[in-house]
Amino acid sequence: MEVAVNKGRIVLVQGDIAEADTEAIVNAANSGLKGGGGVDGAIHRAGGPQIMEECRIIGYCPTGGAVVTRAGALKARFIIHAVGPVYRDGTKGEAGLLKSVYRESIKRASELGVRSLSFPAISTGAYGYPLRQAAQIALSAIIEYFREHDDIDVVAFILFDKESYDVFEKELKTLV
């Protein structure tokens with residue numbers, strides 16, 4: 001699915017973010033930038049040891065924040081490592097932190113001068129964020145960005161499974 005917002009486009013794709021063909025990809029990282037499972041592990045495995053070497057130098061990223069490394073052997077030029085919140089019960093500021101992750105990530109992409117960026121569904125795996133709520137927050141943050149800026153052409157959401165794709169598609173249709 002693809003939707004135009006102002007001069008930008010939001011694209012939904014079911015697939016593997018490590019194979020994304022955008023200038024930058026966003027990694028669902030942990031605050032210690034130590035690699036891990038899920039999206040984080042897949043990106044590190046596909047991109048090679050250079051990514052971890054740069055992450056060790058950076059050392060830390062707060063929840064809600066984003067830092068940048070080169071992308072190693074991936075098609076992308078850059079990886080934006082974003083630390084989403086662990087979902088507890090929705091009353092601990094999780095929504096604000098998740099929105100911050102998307103805002104900070106797209107801000108880093110803009111600072112890098114990239115025109116295309118891919119996101120996974122941040123915090124919806126091991127961090128337990130409810131998928132529908134996470135999709136609303138993610139898509140709303142990108143729509144807001146596109147309405148205020150025209151420096152990025154494409155934001156893709158690369159969604160690992162059909163359930164995630166279907167939820168993001170339904171939420172996107174309600175927002176535009």
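The values are calculated or read from the model by the stated rules, or taken from the named source; none is laboratory data. None of these values were measured; they are calculated from a predicted model. In this analysis, Cβ positions are derived from the backbone assuming ideal geometry, glycine residues included, and neighbour counts consider all displayed protein chains. With ligands, DNA and RNA removed, areas are computed over all heavy atoms of the protein, side chains included. Shrake-Rupley method; radii C 1.70, N 1.55, O 1.52, S 1.80 Å.
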Item checked: Selection count where residues are buried (at least 19 other Cβ atoms within 10 Å of the Cβ) and not hydrophobic (A, V, I, L, M, F, W, C), scope the range 137-157 -> 1
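From the list E111, E53, E94, E104, which one is farther than 21 Å from K34 by Cβ, at pLDDT 95 or above and surrounded by fewer than 22 Cβ atoms within 10 Å (Cβ to Cβ)?
Values: E53 fails: farther than 21 Å from K34 by Cβ; E94 fails: surrounded by fewer than 22 Cβ atoms within 10 Å (Cβ to Cβ); E104 fails: farther than 21 Å from K34 by Cβ.
Being farther than 21 Å from K34 by Cβ, at pLDDT 95 or above and surrounded by fewer than 22 Cβ atoms within 10 Å (Cβ to Cβ) holds for just one of E111, E53, E94, E104, which is E111.
Going by what's in this entry, would G125 be described as open to solvent by 40 Å² or more (accessible area, probe 1.4 Å) and within 20 Å of S31 (Cβ to Cβ)? Explain how you work it out, then say what you get.
Details: open to solvent by 40 Å² or more (accessible area, probe 1.4 Å): yes; within 20 Å of S31 (Cβ to Cβ): yes.
Yes: the conditions hold for G125.
Suppose the filter is open to solvent by less than 50 Å² (accessible area, probe 1.4 Å), modelled with pLDDT under 95, within 17 Å of the chain's Cα centre (by Cα) and on the phi < 0 side of the Ramachandran plot; does A42 pass it? Break it down stepwise before answering.
On the way: open to solvent by less than 50 Å² (accessible area, probe 1.4 Å): yes; modelled with pLDDT under 95: yes; within 17 Å of the chain's Cα centre (by Cα): yes; on the phi < 0 side of the Ramachandran plot: yes.
It is true that A42 is open to solvent by less than 50 Å² (accessible area, probe 1.4 Å), modelled with pLDDT under 95, within 17 Å of the chain's Cα centre (by Cα) and on the phi < 0 side of the Ramachandran plot.
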Item checked: Contacts under 6 angstrom Cβ, first residue in the range 83-106 being closer than 28 Å to I152 by Cα and acidic (D, E), partner assigned to a loop (DSSP other than H, G, I, E, B) and open to solvent by 40 Å² or more (accessible area, probe 1.4 Å), 6 or more apart -> E94/Y87
Item checked: Residue in the range 56-80 that is most open to solvent (accessible area, probe 1.4 Å), counting only those that are in contact with a His (Cβ under 8 Å, 6 or more places away or on another chain) and either closer than 19 Å to R103 by Cβ or at pLDDT below 95 (or both) -> V68
Item checked: Test set (1) hydrophobic (A, V, I, L, M, F, W, C); (2) closer than 23 Å to H149 by Cα; (3) free of Cβ contacts under 8 Å to residues at least 60 places away in the same chain - I43 fails condition number -> (2)
Check: Under 7 Å by Cβ, and 6 or more places apart or on different chains, what pairs join a residue from the range 47-60 that is closer than 14 Å to S31 by Cβ with one that is of a type in the set (V, I, T) and open to solvent by 20 Å² or more (accessible area, probe 1.4 Å)?
Finding: I58/V67
Next item on the list: Under 6 Å between Cβ atoms, at least 6 apart or on separate chains: pull out the pairs that start in the range 127-155 with a residue that is closer than 17 Å to G64 by Cα and assigned to a loop (DSSP other than H, G, I, E, B) and end on any residue that is open to solvent by less than 30 Å² (accessible area, probe 1.4 Å) and not hydrophobic (A, V, I, L, M, F, W, C).
Entry: Y127/G84; Y129/S123
Next item on the list: Within the range 2-26, work out how many residues are under 24 Å from A73 (Cβ atoms) and either without any contact (Cβ under 8 Å) to a residue 60 or more places away in the chain or open to solvent by 80 Å² or more (accessible area, probe 1.4 Å) (or both).
Entry: 4
